[in-house]
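Shown next, in structure tokens, is the structure this report addresses.
Derivation of every value follows stated rules applied to the coordinates shown; laboratory data play no part. Given the structure is predicted, the values throughout are model-derived calculations rather than measurements. Counting neighbours? That spans all protein chains shown, and the Cβs are built from the backbone with ideal geometry, glycine included.
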Amino acid sequence: MRIPPRLLAFGVVASTWATPAVTRADAAPAPAAPVPAAASPPAAAPAPAPGVPMSITGQVVEARGRWTADRRTIVTDAVIVGDDGARTTVTQLGGRADGFGMQLIPGPARLEVGDRVLVRARAATTRRGRPRIVADDVTVLAGGATPFVRTGPTPAGHYLYWRSGCVFLTYDVDGTVDLAGDSERAVMDQVLATWNAAIEGCSYLQLLATAPAQGEVGHDDVNLITFRDDTWCRPATDGEPPFCLPVRAAALTTVVFVDDASSPRDGEIVDADVEINGADFSISTAGSSQGTPPCLSDLANTLTHELGHVMGLEHTCLAPDDPPRVDDRGDAVPACIATSDPTILDATMYNYQECGETKKASPEADDVAAVCAIYRLADDPGTCEPIGGGTSGCCDAGAGDRGATGAAALAALTLAGLARRRRLTSPRA
Ligand SMILES: [Zn+2]
């Protein structure tokens, strides 16, 4: 493949999803509980008397390592959402901060975002009398955090990632005719804000919007979010015919990344564009759309999923045409038709969506855990630069590589519905 001179050798992954027509009987509103709302410190529960032992069972939704004031020790402040819904902040010895890790050997398991844990803790105070809850022992419970799936790896074994601490996104100035005026922009702003709030307790990555602009999909240092209202195809260019996109896909993300085993940047994403299908679906918000296709594609639902791809996440299960993959623990990712695990089927990164669905608009614990595993707070590069800008050297053609293409297309909901019926009649594992 001949790479235009201004491009590095990059791989491209196009990932798409969704289609509908079938409404799943188990469609339910996104669960409110496990969505980490990082940012502000959780409301402090009344401080128990010092020394009182307690036991907390729940999910870790934030874990932030820091050096103590004397810079001698790393401690981790973690927020656990208990099975009763209460949020408790506990402090544990050890963790990661500023590029260092500190571990006690032997010591309790680390409090990691996404894990379901049993923590034995006790109330205590600092020398200045400030109350704390100290984690004495941590047990990661079996069947805890849902494994997550990243995009990749490259042939050299690297999963995809952004190097900067920020990903800048540009809305196509034309927007979509399905939503009145420019109202889609507020929805997209909200999607970015929702992701940022969900991950800020454990990740440095931020999604930022630039001024809307005219644009087209491609490696151009602009991460475009665009709507295809007339036809689900890319327009013809001087040298190429129109390319149509996978049928039944409600949206598609195209990622360009360094694909060069000899480069230290192997796996680095250098451009990502999102295309939203307004030709076959009516782009909607709050259940309403000016479009004519009968199937509503809720913009927040669709875009939240696509931005997961932009950040480097892959689907939670395998569509029929997908190659085998492994999750973060090295276990095989199950086929979508072979799982009934609600943490897979209800995740934002689940492959399919229903007409009018909105539950993907709130990232779930394993979606958050995936982002936080890639872009951990402790690894904050301290940079927030647009691609192609600053000193990133993004488009220096020095790497001299080969390009690679891969496609992960999702089947449609009709397919998912079919799979479910199939499972009922001839179950397979
Ligand atoms: Zn997808």
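Taking Cα centre as origin and charging only the Cβ of basic (Lys, Arg, +1) and acidic (Asp, Glu, -1) residues, the dipole magnitude of the stretch 53-140 rounds to 460 debye.
Sorting the Cα pairs of the stretch 91-206 by distance into bins of 5 Å, from 0 upward, gives 2, 8, 10, 13, 16, 15, 12, 9, 6, 5, 4, 1, 0 percent per bin.
Applying the Karplus relation 6.51 cos²θ - 1.76 cosθ + 1.60 with θ = phi - 60° to the stretch 73-81 yields 3J(HN,Hα) values of 9, 9, 10, 10, 9, 10, 9, 10, 8 Hz, where x marks Gly and Pro.
Between the stretch 334-378 and the stretch 214-284, the alpha-carbon centres lie 22 Å apart. With θ taken as phi - 60° and the Karplus curve 6.51 cos²θ - 1.76 cosθ + 1.60 applied, the whole-hertz 3J(HN,Hα) list for the stretch 295-308 is 8, 7, 10, 5, 4, 5, 4, 5, 6, 4, 4, 4, 5, x Hz, x standing for glycine and proline. For G94, the residues 5 or more places off, or on other chains, whose built amide H falls under 5 Å of its own are I74, V75, T76. Residue order for L141, L303, L224, L205, fewest other beta carbons within 10 angstrom first, comes to L141, L224, L205, L303.
The phi-based Karplus calculation (6.51 cos²θ - 1.76 cosθ + 1.60; θ = phi - 60°) puts the 3J(HN,Hα) values of the stretch 282-291 at 8, 5, 9, 9, 6, x, 10, 7, 9, x Hz, whole numbers, x for Gly and Pro. Is the stretch 53-140 best put as rounded, prolate or oblate by its Cα gyration tensor, with a ≥ b ≥ c the root eigenvalues, rounded for a/c under 1.5, and otherwise prolate when a/b is larger than b/c, oblate when not? Oblate.
R0 = 41 Å: FRET efficiency of D98 with D341, Cβ-based, nearest 0.05?
On the way: r = 37 Å, r/R0 = 0.89.
It comes out at approximately 0.65.
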